[in-house]
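Have a look at the structure below, then the notes.
The values are calculated or read from the model by the stated rules, or taken from the named source; none is laboratory data. In this text the structure is predicted, and so the values were computed from the model without any measurement. Surface accessibility is based on the protein's heavy atoms, side chains included, excluding ligands, DNA and RNA. Shrake-Rupley method; radii C 1.70, N 1.55, O 1.52, S 1.80 Å.
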Amino acid sequence: MTNQQETTTETLYNKNFWYADWSFPIFVALLSAGIFAGTHMYYQYHIGAFNDVAIVAMLEAGLQGAGYGAAAAFGASFLFARILEGSLVGILDIGGSLQTGIGIGVPALLLGAGITAPLESFVLSLVTGGVLGIVIGYVIIGIRKFTVGQSNSTFGADIMMGAGNASGRFLGPLIVISAASASIPIGIGSIIGAAIFYAWKKPVAGGAILGAMLFGAFFPISLD
């Protein structure tokens, strides 16, 4: 395929709503709005949160006066990790990034700071979740565009949503392949990181991500 044909095909993909980069933040915003509104329902009526019982229990502990530190730290860390994972791998874990991060982490941070309005008003909860979703969507697109996406190996950002913890063990090879398609040094770093974490009996995906990020800092992808 010639460069002109590749450019034409990519232009057609960008014009298609389901493939365009600009549509991804919209999907994330809609999901985040619903999830945050679900937490509003739980805050008001103790029903409706889109999370596992054990995770909701951490937020409930804060509502009962035990503090929001555990819920805030757990949810925020999941949100940060899944944003990096989604940018590099191309798979956004809805459970970790949105349900845990937006549904538990952010509300816990707001409640810990004494901000209760977004959780007391249904309309405001939808708006808050939607805005957070748009921000997350554009952050993921931006990171991917300035890192892996520069290789032009695929069209757009190629973000899939829906991978859960059960499929996490399969992400390691996908991360390595994605990193190698970006550049050889980043691919080597991903392989080294994955091998080290495998030797330590830790999740291979984490090592692959850290290795790719480390080598990417020393061997950035050239735009030329």
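Some observations on this one:
- Near the amide H of Leu92, within less than 5 Å, lie the amide hydrogens of Met160, Met161, Gly162, Ala163, all on another chain or at least 5 residues away, with H placed in the peptide plane.
- Remark: the range 54-139 carries 39 Å² of accessible area per residue (probe radius 1.4 Å; ligands, DNA and RNA excluded).
- Close amide H partners of Ala49, meaning residues 5 or more places away or on another chain with modelled amide H under 5 Å apart, are Tyr42.
- The accessible surface of the range 59-122, taken with every protein chain in place and a 1.4 Å probe, is 67 percent carbon and sulfur.
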